[in-house]
1. Looking only at the range 147-182, filter to residues that are more than 13 Å from the ligand (Cβ to nearest atom) and of a type in the set (D, E); which one of those is least open to solvent (accessible area, probe 1.4 Å)?
2. Does R58 count as of a type in the set (D, E, K, R) and within 15 Å of the chain's Cα centre (by Cα)?
3. Just to be sure before I move on: is L64 surrounded by 18 or more Cβ atoms within 10 Å (Cβ to Cβ) and either under 18 Å from the mean Cα position of the chain (by Cα) or in a strand (DSSP E or B) (or both) in the structure I sent?
4. Of the residues that sit in the range 13-40 and are more than 19 Å from V117 (Cα to Cα) and open to solvent by 60 Å² or more (accessible area, probe 1.4 Å), which one is nearest to the chain's Cα centre (by Cα)?
5. Identify, by number, the condition in (1) assigned to a helix (DSSP H, G or I); (2) open to solvent by 100 Å² or more (accessible area, probe 1.4 Å); (3) among the aliphatic types (A, V, I, L, M) that M1 doesn't meet.
6. Looking for whichever is away from the ligand (no atom under 16 Å from the Cβ), small (G, A, S) and more than 18 Å from I55 (Cα to Cα) here; the options are S4, S16. Which one fits?
7. Within the range 97-123, which residues are more than 15 Å from the ligand (Cβ to nearest atom) and not β-branched (V, I, T)?
8. Which pairs turn up if I take residues in the range 50-73 that are in contact (Cβ under 8 Å) with a residue 12 or more places away in the chain and among the hydrophobic types (A, V, I, L, M, F, W, C) and look for partners that are in a helix (DSSP H, G or I) and open to solvent by 50 Å² or more (accessible area, probe 1.4 Å) with beta carbon separation below 8 Å, at least 6 apart in sequence or on another chain?
Amino acid sequence: MKRSPETIELLLTRRSQLAAKLVPPGPTEEELDTILRCATRVPDHKGLSPWRIQIADRATQDKLHAKLPELHEGDPASLEKTNSKQAKTAPLLLIVSSRTPSTKAPRSEQILSGATVCQNIIIAANAFGYRNQWLSEWFAYSDKVKTYLGVPTDEEIIGFIYIGSESEIPKERPRPDLTDIVSKLEL
Ligand SMILES: Cc1cc2nc3c(=O)[nH]c(=O)nc-3n(C[C@H](O)[C@H](O)[C@H](O)COP(=O)(O)O)c2cc1C
């Protein structure tokens, strides 16, 4: 296996950028195709491909955004926060949801596989020089939003991944101390 110090560097320095701060350009058609091929090359118990990826360009995001107030069932303040800060300006949005009709692998594992799809999207987009943000907000959990997006209500929206170019270099944020998380198992 070939060594890839660039990949290690990318993983050690990766940072999200707020969706609202993502600016054009987004990935080209060719880059998106590669990002999607990376996204679907993930661990997948029983090879079920238990995911769905929907591509939303700016026009489609604007439509979704305009529809959110009608679909929102929570308090207006949280909607206002979402409306003003999120989901507005990213050149590209990929919506990853589960597709788990099969019982050949535990459903939880199929959903976890979807999380690896999201992470591969992020890493591949970063490798092309784009920034991104993985959001769920309230709309990942709304049956009305799922129905609007054509996602069955008994499936999970795993991530709204907003992708675009950097408008500013995100500040570093504290990372956990490995000693708090990692321990040697002694049995
Ligand atoms: C499943 C999932 C859902 C998330 N949903 C949100 C969200 O709704 N709002 C938010 O601000 N960050 C959300 N995040 C966190 C951001 O994607 C991001 O990880 C966080 O801002 C920290 O930045 P970093 O990725 O540079 O460490 C979510 C992360 C995951 C894994």
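The values are calculated or read from the model by the stated rules, or taken from the named source; none is laboratory data. Given the structure is predicted, the values throughout are model-derived calculations rather than measurements. Here Cβ is always computed from backbone atoms with ideal geometry, including for glycine, and neighbour counts include all displayed protein chains. Ligands, DNA and RNA are stripped out before the accessible areas are found, and what is left, the full protein with its side chains, is counted by its heavy atoms. Shrake-Rupley method; radii C 1.70, N 1.55, O 1.52, S 1.80 Å.
1. My answer is E155.
2. no
3. yes
4. Across the range 13-40, the extreme among qualifying residues is L18.
5. All conditions are met except number (1).
6. S4
7. R99, P101, S102, K104, A105, P106, R107, E109, Q110 - these are the residues of the range 97-123 that are more than 15 Å from the ligand (Cβ to nearest atom) and not β-branched (V, I, T).
8. L64/Y148; L71/K144; L71/Y148
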